[in-house]
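Take a look at the structure below.
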Amino acid sequence: MNQRKPNRLINQKSIYLRQHAYNPVDWYPWCEEAFEEATKRDLPIFLSIGYSSCHWCHVMEKESFENEEIAKILNDNFVSIKVDREEFPDVDNFYMTFVQATTGSGGWPLNVFLLPDKTPFYGGTYFPPEPKFGKPSFKEVLFSILEFYQSKRDELSKYKNQVHEFFKRTLEPSRKFSEPEFENIKDAYQTIVNNYDWKNGGWGVGAKFPMFPLINFLFDYWFALKDEMAKKIVQHNLTKILMGGIYDHIEGGMHRYTVDNQWIIPHFEKMLYDNIQLIESISKYLIIEDNQFFKGKLYETFHFLNENLMDKSGGYLSAIDADSEGEEGKYYLWNFNEIRDAIKEKFDEELFFKYYQLNVVEREKFLVNISMKEIPDQNNSIIANEIELIKLHLKQIKSKRIPPDKDNKILTDLNSLLISAFIYAYRGSGNEIFLNSALSLYNFINRNLLKNDQLFHSFVDGEVFIEAFAQDYFALIQALIDLYEVTFDEKYLIRAYELIKIAIEQFYDRERKIIYQQNRNTSLPYRTIDSKDYSIPSANSLAINVLLKLGKIFEDQELIEIGKDIIKKNFDEMIQNPISGGKFFASLLQIVTPPREIILVEGDDNSTLEEIKNYFLKSFSPNQIILFKKKHSKLNFSYLEGKEAINKKLTIYYCENFACKKPANDLSQISLSN
């Protein structure tokens with residue numbers, strides 16, 4: 001039982017904030033009251049940003065924020081604010097931009113010192129309680145900041161002006177417009193290919209992070225141009241990930257990243273967004289060709305999400321912690337002898353270790369994790385069943401351990417991305433369990449996070465809070481388009497069009513041609529921009545994709561022009577660093593590759609609808625629109641005029657690369673490119 005009196009964080013929705021509720025630090029949440037207090041007392045602000053599954057956030061809390069001496073220094077001389085980056089991604093983005101610019105790196109915990117008007121003047125990541133790792137102690141940092149704030153006001157004032165000039169240049173850019181050319185996109189593609197690590201998979205030479213936006217761009221590039229190198233890279237990278245220790249071979253699902261360059265030793269937090277994109281990537285591969293190993297991992301990851309991250313409300317939680325019982329990875333690691341004894345007690349140990357290997361993570365306790373060294377013959381059901389029984393046995397042993405905590409937030413953007421991933425899984429596998437999951441998840445969002453055309457960002461314990469960000473809107477709009485394409489229910493397309501009009505009004509600056517991350521009610525000195533596709537697709541790239549697609553479908557030239565203007569505004573910056581632009585370049589394929597339009601017209605006899613629809617769902621193109629003209633359709637577009645059912649049967653109208661085929665009643669009557 002904690003004997004301390006709780007601080008202001010005790011009533012916050014975020015589990016990450018509540019984890020700090022009994023710190024002796026007098027924390028505020030992100031609120032105007034904190035800045036008013038700092039102004040009144042003329043104190044600097046200490047802003048600490050993290051998230052619930054962040055290992056080093058927990059380390060710094062135990063070492064420093066639980067320390068009475070450090071807490072007294074903070075309480076007497078600073079106003080301290082704690083922020084969950086997943087609740088306020090714009091606050092995180094704003095101050096991370098400053099720290100990365102001033103230190104050359106960033107990460108979490110993100111610790112920044114601010115003036116009472118929210119201007120940052122110093123920042124970093126993890127600070128140890130005593131000097132180590134080449135870093136000063138946190139106490140030394142606090143005293144240095146305090147000395148600077150109190151005795152060098154003139155210098156601080158000049159620096160404040162420089163910081164504001166930096167933010168104006170960065171967040172209110174006056175970039176020239178550049179017209180994207182197909183050759184430029186091919187150059188970006190070649191840069192991505194040239195930087196691929198063919199030995200270990202992925203990009204980069206150190207720690208390995210999954211770069212799913214790049215993987216998905218390569219998929220779309222293959223779909224558009226049939227470049228075999230793109231397909232080889234995604235197959236190689238997915239195989240490395242799915243065989244590596246980054247993937248949980250006992251419970252399914254993947255961890256955030258590995259500290260080594262071979263995907264073996266992970267940081268053990270499991271993020272919803274990584275597993276969403278893993279499902280999407282595997283599913284896209286299955287659209288190209290069958291792969292039983294990949295398909296097995298698709299189902300494993302799907303079951304992992306449903307067992308571990310699906311909330312009783314119907315939404316999916318955002319993360320699982322890396323730590324349990326105060327130790328990182330304790331839930332996932334095995335003592336070397338323990339796991340061998342557990343296997344050979346009931347099973348063929350030699351069989352298991354023909355395909356799996358143990359990797360030493362911690363030498364003192366001889367702790368290991370599991371990775372694969374060989375993929376079993378997927379057609380040998382005897383071996384497959386034996387291995388599944390061994391994994392089930394190990395899972396049952398693990399179930400007796402104390403599991404890591406889960407983040408309690410259900411976020412609109414991530415759950416919308418998951419809808420799209422489920423749709424791809426349905427397209428790749430043909431299994432309606434994925435379609436039904438997508439429909440159920442949309443119903444959850446529509447029921448709980450959309451209130452009278454107002455979208456919210458977060459749902460916790462039956463309540464919504466925080467107005468939606470651009471990422472929430474554009475991810476949900478994409479999910480609605482995807483739902484329409486597999487159901488032909490017009491309500492999804494109509495809702496997508498309604499929401500994009502709202503999103504443009506809230507987030508688009510028509511003068512600067514910018515999609516801002518938050519609406520005009522920002523609490524920050526400047527509105528922020530989310531344009532880099534690193535761990536997930538950015539709001540900018542998602543916006544481009546849906547603007548171009550809905551513009552074409554609804555014959556809304558304004559949406560198309562907005563999408564093109566955003567591309568032109570960002571093109572020079574993105575082409576200089578293609579590794580950060582996977583979704584951006586995938587969206588560009590809509591304007592540089594030949595269009596494909598498929599119109600299905602309802603007849604009296606529609607018995608071939610499912611066969612034809614499923615064919616086109618497997619015959620994917622980044623620049624493809626597919627619509628079903630119903631007899632009593634609410635959709636009234638000029639390109640639907642004159643398209644009638646031939647012979648009173650369902651009829652296909654197929655156009656590609658500005659040329660149309662003769663209308664046909666079945667696929668055999670039409671010659672199609674794949």
**Prompt:** Got a sec? Which of Asp220, Asp187, Asp227, Asp197 is over 25 Å from Leu417 (Cα atoms), open to solvent by 10 Å² or more (accessible area, probe 1.4 Å), among the charged types (D, E, K, R) and within 24 Å of the chain's Cα centre (by Cα)?
**Reply:** Asp197
**Request:** From Asp556, Asp489, grab the single residue that is farther than 25 Å from Leu439 by Cα, charged (D, E, K, R) and at pLDDT 95 or above.
**Result:** Asp556
**All positions within segment 511-522 that are farther than 12 Å from Ala543 by Cβ and in contact (Cβ under 8 Å) with a residue 12 or more places away in the chain** = Arg512, Gln518, Asn519, Arg520, Asn521, Thr522
**Request:** Kindly indicate whether any position in segment 178-185 is outside any loop (DSSP other than H, G, I, E, B), in contact with a strand residue (DSSP E or B) (Cβ under 9 Å, 6 or more places away or on another chain) and in contact (Cβ under 8 Å) with a residue 12 or more places away in the chain.
**Result:** no
**Request:** Give the residues of segment 272-301 that are of a type in the set (Gly, Ala, Ser) and open to solvent by less than 10 Å² (accessible area, probe 1.4 Å), sorted by residue number.
**Result:** Ser281, Ser283
**Asked** Could we say that Asp530 is open to solvent by 10 Å² or more (accessible area, probe 1.4 Å), under 27 Å from Ile466 (Cα atoms) and of a type in the set (Asp, Glu) here?
**Response** yes
**Asked** If you go through segment 367-381 one residue at a time, do you hit one that is assigned to a helix (DSSP H, G or I) and at pLDDT below 95?
**Response** yes
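Results for (1) among the hydroxyl-bearing types (Ser, Thr, Tyr); (2) open to solvent by 10 Å² or more (accessible area, probe 1.4 Å), shown as yes or no for each residue.
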| site | (1), (2) |
| --- | --- |
| Leu47 | no, no |
| Tyr51 | yes, yes |
| Asn77 | no, yes |
| Ile81 | no, no |
**Message:** Looking at segment 53-74 only, could you name the residues that are more than 27 Å from Arg153 (Cβ to Cβ), in a helix (DSSP H, G or I) and open to solvent by 10 Å² or more (accessible area, probe 1.4 Å)?
**Reply:** His55, Trp56, His58, Val59, Glu61, Lys62, Glu63, Glu68, Glu69
**Pair list, Cβ < 7 Å and 6+ apart or interchain, from segment 112-125 residues that are modelled with pLDDT under 95 to residues that are open to solvent by 10 Å² or more (accessible area, probe 1.4 Å)** = none
**strands (runs of 3 or more DSSP E) wholly inside segment 75-154 that include at least 1 residues being of a type in the set (Ser, Thr, Tyr)** = 79-84, 120-124
**Message:** Given the criteria surrounded by fewer than 18 Cβ atoms within 10 Å (Cβ to Cβ), at pLDDT below 95 and charged (D, E, K, R), does Lys5 qualify?
**Reply:** yes
**Message:** Could you tell me how many of the residues in segment 385-415 are under 15 Å from Leu305 (Cβ atoms) and part of a helix (DSSP H, G or I)?
**Reply:** 2
**Fill in**
Of the residues in segment 353-397, those that are surrounded by fewer than 16 Cβ atoms within 10 Å (Cβ to Cβ), closer than 19 Å to Ser324 by Cα and in contact (Cβ under 8 Å) with a residue 60 or more places away in the chain come to Lys395
**Prompt:** (1) in contact (Cβ under 8 Å) with a residue 60 or more places away in the chain; (2) open to solvent by 10 Å² or more (accessible area, probe 1.4 Å): which one isn't true of Gly329, the others all being true?
**Reply:** (2)
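The values are calculated or read from the model by the stated rules, or taken from the named source; none is laboratory data. In this text the structure is predicted, and so the values were computed from the model without any measurement. When we count neighbours, we look across all protein chains shown, and the Cβ atoms used for this are built from the backbone with ideal geometry, even at glycine. We work out accessible area using only protein heavy atoms, side chains counted, and drop any ligands, DNA or RNA first. Shrake-Rupley method; radii C 1.70, N 1.55, O 1.52, S 1.80 Å.
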